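Novice: I have a structure here, written as structure tokens, and I will follow up with some questions on it.
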Amino acid sequence: MFGFGLSGTADIMDKLSIPLPTLSAAIVIAAELVGGLAILSGLYARWAGVALAIEMLVAIPVARMHGGFFAPYGFEFELTLLGGCLTFAALGSGGVSLERMLRAPQE
């Protein structure tokens, strides 16, 4: 969002033959921005983890698989992000999170 903007991201997605590149770019930008904030704050981190894991499951074969395993052109970083997202999806954000504080019984 801050680097390429919507048009730059849509252009990249068009070059990768992703259908509806502008809509896809808007969805990816929103998922990364909102999902990152959700994980950072610990509010709905499980849902954010699921959304970002789906994004990584698309990004790896579409954009990174041809570059081999190792960075900078490979998919090792995206695979690591996938693991982190799946961890948030499975375990949630933990004890020190906004969601846990909001669900705590009021005294």
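Novice: Just to be sure I understand the filter: pairs with C-beta atoms under 6 Å, separated by 6 or more residues or on different chains, first member in the stretch 84-97 and within 9 Å of VAL50 (Cα to Cα), second member of a type outside the set (A, V, I, L, M, F, W, C) and surrounded by 18 or more Cβ atoms within 10 Å (Cβ to Cβ). Which pairs pass?
Specialist: CYS85/GLY49; PHE88/GLY49; ALA89/GLY49
Novice: Taking into account only those residues within the stretch 58-75 that are surrounded by 16 or more Cβ atoms within 10 Å (Cβ to Cβ) and under 18 Å from ILE27 (Cβ atoms), which is nearest to the chain's Cα centre (by Cα)?
Specialist: So, considering only residues that are surrounded by 16 or more Cβ atoms within 10 Å (Cβ to Cβ) and under 18 Å from ILE27 (Cβ atoms), the one nearest to the chain's Cα centre (by Cα) is ALA59.
Novice: When the residues of the stretch 39-52 are narrowed to those that are part of a helix (DSSP H, G or I) and not hydrophobic (A, V, I, L, M, F, W, C), which ends up nearest to SER24 (Cα to Cα)?
Specialist: So the first thing to find is which residues in the stretch 39-52 are part of a helix (DSSP H, G or I), and the list is 39-41, 45-52.
From the residues that got through so far, the ones that are not hydrophobic (A, V, I, L, M, F, W, C) too are 41, 46, 49.
Values: SER41: 25, ARG46: 22, GLY49: 18 Å.
The extreme case among them is GLY49.
Novice: Suppose we filter GLU78, GLU55 for residues that are free of Cβ contacts under 8 Å to residues at least 24 places away in the same chain, part of a helix (DSSP H, G or I), buried (at least 17 other Cβ atoms within 10 Å of the Cβ) and among the acidic types (Asp, Glu); which single one remains?
Specialist: Values: GLU55 fails: free of Cβ contacts under 8 Å to residues at least 24 places away in the same chain.
After ruling out the rest, the residue left standing is GLU78.
Novice: Can you confirm whether VAL28 is crowded, with 17+ Cβ neighbours inside 10 Å, of a type in the set (A, V, I, L, M), out of contact with any Phe, Trp or Tyr (no Cβ under 9 Å at 6 or more places or on another chain) and touching a residue at least 24 places away in the same chain (Cβ under 8 Å)?
Specialist: Yes; evaluated as a whole, the condition is true for this residue.
Read-outs: derived from the displayed coordinates by stated rules, not from any lab. If you're wondering where the values come from, they're calculated on a predicted model, not measured in any experiment. Positions of Cβ are backbone-derived with ideal geometry, glycine not excepted, and every protein chain shown enters the neighbour counts.
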